1. Please compute the alpha carbon radius of gyration of the stretch 238-315, then divide it by the globular-protein estimate 2.2 N^0.38 Å. Two decimals is fine.
2. Just to confirm, what accessible area per residue do you get for the chain at 1.4 Å probe, in whole Å²?
3. For the stretch 16-174, what is the per residue volume of the convex hull drawn over the alpha-carbon atoms, in cubic angstrom?
4. Enumerate the helices in the chain for which the Kyte-Doolittle hydropathy averages 0.0 or more and the C-alpha atoms extend at least 20 Å along the helix's axis, using complete DSSP H runs.
5. Please list the three semi-axes, largest first and in whole Å, of the ellipsoid equivalent to the stretch 100-165, using sqrt of 5 times the eigenvalues of its alpha carbon gyration tensor.
6. With just the Cα atoms defining each centre, how far is the stretch 81-117 from the stretch 276-307? Give it in Å.
7. How would you order 443-453, 393-403 from highest to lowest mean count of nearby Cβ atoms within 10 Å?
8. Write down the radius of gyration of the chain and its Dmax, each obtained from C-alpha positions, in Å.
Amino acid sequence: MLFANRKEAGRQLADRLMSHKGPDVVVLGLPRGGVPVAFEVARALDAPLDVLVVRKLGVPTQPELAMGAIGEGGVRFVDESLVRTAGVRPQELQAVEERERAELTRRAQAFRGNRPPARLAGRTVIVVDDGIATGSTAWVACQVARQLGAARTILASPVASPRAVEHLSKAADEVVCLDTPESFFAIGEFYADFRQTPDSEVVALLHEAQDAAHAAHTAPGDDPPALDEEVTIPAGGQHLAGHLTLPENATGLVVFAHGSGSSRHSPRNRYVASALNDAGLGTLLFDLLSSAEESDRTNVFDIPLLAGRLVEVTGWLREQPATRDLPIGYFGASTGAAAALSAAALSAAGESVAGESVAGESVAGRPRADIAAVVSRGGRPDLAASDLELVQAPTLLIVGGHDPLVVDLNLDAARRLRCEKSVHVVPGATHLFEEPGTLEAVAAEATRWFTSHLCAKASH
């Protein structure tokens, strides 16, 4: 059996698990690859979704050999006989546990933020992974779920080795697997697309599942705690799809301009947006082009066109009662950063642009945008080179330390900017910020920059 990707595998697995649907079910994905599969299972079963973060305690001389494991909530179990056989001293075991406990805490915080873990006591827990080769991590996960009070544990995976299934049947009450091929070398061989799942996608899926659960349990007529809705924005003769989120008493609004090949569903941008929402800032993620326009690749790199769309969308926000008085900032990624800088330059030009056109679209009569701040993530500011000197909004350029070409482009752009500006290099990050902790650094720096400058604008 070959799955197109984790999403398709999750849908097929969900079909097999429908008999378990019920009010006491909770679905736990094993990060990171198991979470996209678990998301589809949870959605089909109308069950809450969470991650199950576990860490093996490896023998110091053989880290792959587990002498125990730990989980959240202080869960801990140790194979004392193995510890004695391997000759592991108490202080060595303590050192391993302290190191792994710190990593477990870091990962749980990165994935879940400040939300408490799902309650497992007395519930049916479905533990989901994208594939099981040896089953060691899945075994640990089932043990942790039991110690956290699960009444029944079901281990589910699209594919697993027969030996692993036999082994895991002793750890879980039930093992559900779509395929158990005798010839099993690696999980990736059963997927057409088995790209690594970044932390940002895990966070975005957890947020989406939580939002869906909240919407499903909000009674008609209840006042939601914040505005969180899909919107359609007229711009450039098109109707662009977007998602607008406004926390209560929002102090500003950040408009996202994604890069080429991405969309408003970008998990990285959604991760940053959730951090901004937590800090009391509103966000708008929208598609700069219609689906028909995106099919022409020249449009994807047409910075004047994209900047014009951004200016028009900003004007639309200035006409909406909920957003018209909020200070506005731009967050641009990759080529979207160039569009954000060009749009900020247009806003700074103010009345001088009236009657001119951007990519053939008249800008006459557009409201002055007054952009309060710009943040670029892995951006290409060189594509907005002719506009850089016109930007007045305080600008933060965030780049990955392992993306040397883009670092040079951003340093050169910073020299050309005449506004307040800063360049922040994230150590160890490549262009997509997929490395552990790097996107969190982006979110933290962007939040600091926007809260500082948008809040200052609001106070005036």
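The values are calculated or read from the model by the stated rules, or taken from the named source; none is laboratory data. Since the structure is predicted, the reported quantities are computational estimates derived from the model, not experimental observations. Cβ coordinates were reconstructed from backbone atoms using ideal geometry, including for glycine residues, and neighbour counts include every protein chain displayed. Just so you know, the surface numbers come from the protein's heavy atoms only, side chains and all, with ligands and any DNA or RNA stripped out. Shrake-Rupley method; radii C 1.70, N 1.55, O 1.52, S 1.80 Å.
1. After normalising by residue count via 2.2 N^0.38 Å, the value is 1.13.
2. Accessible area per residue: 44 Å².
3. Convex hull volume per residue, Cα atoms: 112 Å³.
4. Taking the DSSP H segments of the chain (at least 20 Å long, mean hydropathy at least 0.0), we get 199-216, 303-317, 335-349, 438-459.
5. Working through the eigenvalues yields semi-axes of 22, 16, 11 Å.
6. Each part reduced to its Cα centre gives a spacing of 42 Å.
7. 393-403, 443-453
8. Calculated on Cα positions, Rg and Dmax stand at 24.5, 82 Å.
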